[in-house]
Amino acid sequence: MEGRKTQFLKKEDKKRKNRVITALAVSAGVLALSTTVLAISYGVSESQAQGYKTELENVYNDNFYNLLESVNNLETKLAKTIHSSGTYQRKTLLEASKNASEAGISLSALPLSQNDVQDTVKLVNQISGYTSILAEKLAQGESLTGEEKSTLVNVHQSVLDLQNQLNEFARKLNKGYSIIDSSMNVDSGSNEFSTNLTSLKSTEIEYPTMIYDGPFSDSVVNVTVKGLKGKAVGQEDVLAKIEKLFPNLVRTDFEGETNGRFETYNFRLTNSDDEMLYLQVSKIGGHILTISGTGEEGDASIDESEAKDLALRFAKENGIQDGQVVWSDSIKGDVYFNIAPIQNGIILYPDLVKVKINMATGTIVGYDATSYFTNHTNRVLTKGSLTKSQAVGYLHSTFEIINSRWVLSPLDYNREVVCMEVEANGEDGKYYFFFNGETGELENVQKVIETDNGNLIM
């Protein structure tokens, strides 16, 4: 490890690194589609390559310091929780749950090998769920048991160890450590960055066993890719598929491969409208997972109905079965569609596909099917016994009911629950209420926030 940064790269290795440095960030919100791809092609100049690399290095550094801040806040909130009671203890538990969730998001935005960070991801997910459950218990007028308090002490110690580990790594960054350089050095499925960041895990961090064996247990926390099936597809076959799906291409550049949760071929496309698109295509099945690009500005050449047909057709050709548009919005010359499969009249929100189409050229400039290919599987689903009138009856009379439908709703801790979704207008805006189809319990509430850049759900 020592002296690695000062060693000269071999010419072949330098070309490999300049050929492709790709970062992909996809929002998981039901209504948001935000894909940013930073790619350096094989033929660009050394100065351009270094410029792109510096930008991406800054992004990774920001993500790391966000992680450190979340863990620092989590440690503080847990310490306060241990030494408090009553309403204030419930407040710190809720804040700790939020901090742990934020830490998990920051972890997912770093170029880490999944095997190396599995325990850390599991830890922050468990803490988020466990503290939320304890806060709910306090809200019901109960008190924490001695065993629960003891578990919180153990959890706090684990977070202290993680905090020390991250602070040690922060000192490396301050001395010029490069996340990109180390993440590109791969050995036995683990990159050097992951090894460095988690090097203290096995000896210094004790991962406590949670008492609560609930939604965030191992079988739920460890997300696996369920929707990719079949044989590996070669690069030539993938290229043939791309040329069929994008008939107006003038150039296709291979940008390398990604070996993470999804193993992909990466491409940069240029079409006759001079639009540049970045694609990730799964090696298994040859499915397009993501598309990112920027469309042309100008008068619309297609209307929203034509764009909808284009989005549905593209999704179907790319392996999305029984998809229907469940939401759409137009923002500054682009139209966005959320497409979900329908099973027995139930919308499968966990399998959502997001499509963005430029209205001026009719080009698909944004596409995210990672949720679909992560979650899609054979499910046995039936509508619950809850009626619309029962669900509406749970709401205040001031709400104006717009629509209701059956959905499979992704909830906290990776739960999936068949719910009746009720769309309603309130005095301060539009809401979506999700009622458990069997019990009638309110599982989730989402509020539509209107912005200059379209509507968001929170």
Amide H neighbours of Q343 under 5 Å, at least 5 residues apart or on other chains, H built in the peptide plane: list them.
L348
Model label zone, I331; criterion: amide N under 13 Å from point 7 Å along Cα-to-beta-carbon; scope region 418-436:
none
Segments 96-103, 313-320 sorted - mean Cβ within 10 Å per residue, highest first:
96-103, 313-320
If Rh is defined by the Kirkwood formula over all Cα pairs and Rg also comes from Cα, what ratio Rg/Rh do you get for region 235-375?
0.96
Kindly rank 348-356, 75-83 from highest to lowest mean number of other beta carbons found within 10 Å of each residue.
348-356, 75-83
Tell me the label-point distance for the pair E400, E142, using the 7 Å Cα-to-Cβ offset, in nm and rounded to one decimal.
4.2
Using the Karplus curve 6.51 cos²θ - 1.76 cosθ + 1.60 with θ = phi - 60°, what ³J(HN,Hα) values do you get for each residue of region 337-353, in whole Hz, with x for Gly and Pro?
10, 9, 10, 9, x, 10, 10, 6, x, 10, 6, 8, 4, x, 9, 5, 10
Using per-residue counts of other Cβ atoms within 10 Å, averaged over each peptide, order 136-146, 292-302 from highest down.
292-302, 136-146
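No value in this document is a laboratory result; all are computed from the given coordinates. Here the structure is a predicted model, which is why all the values come from computation and not from measurement. Ideal geometry is used to build each Cβ from the backbone, glycine not excepted, and the neighbour counts take in all protein chains shown.
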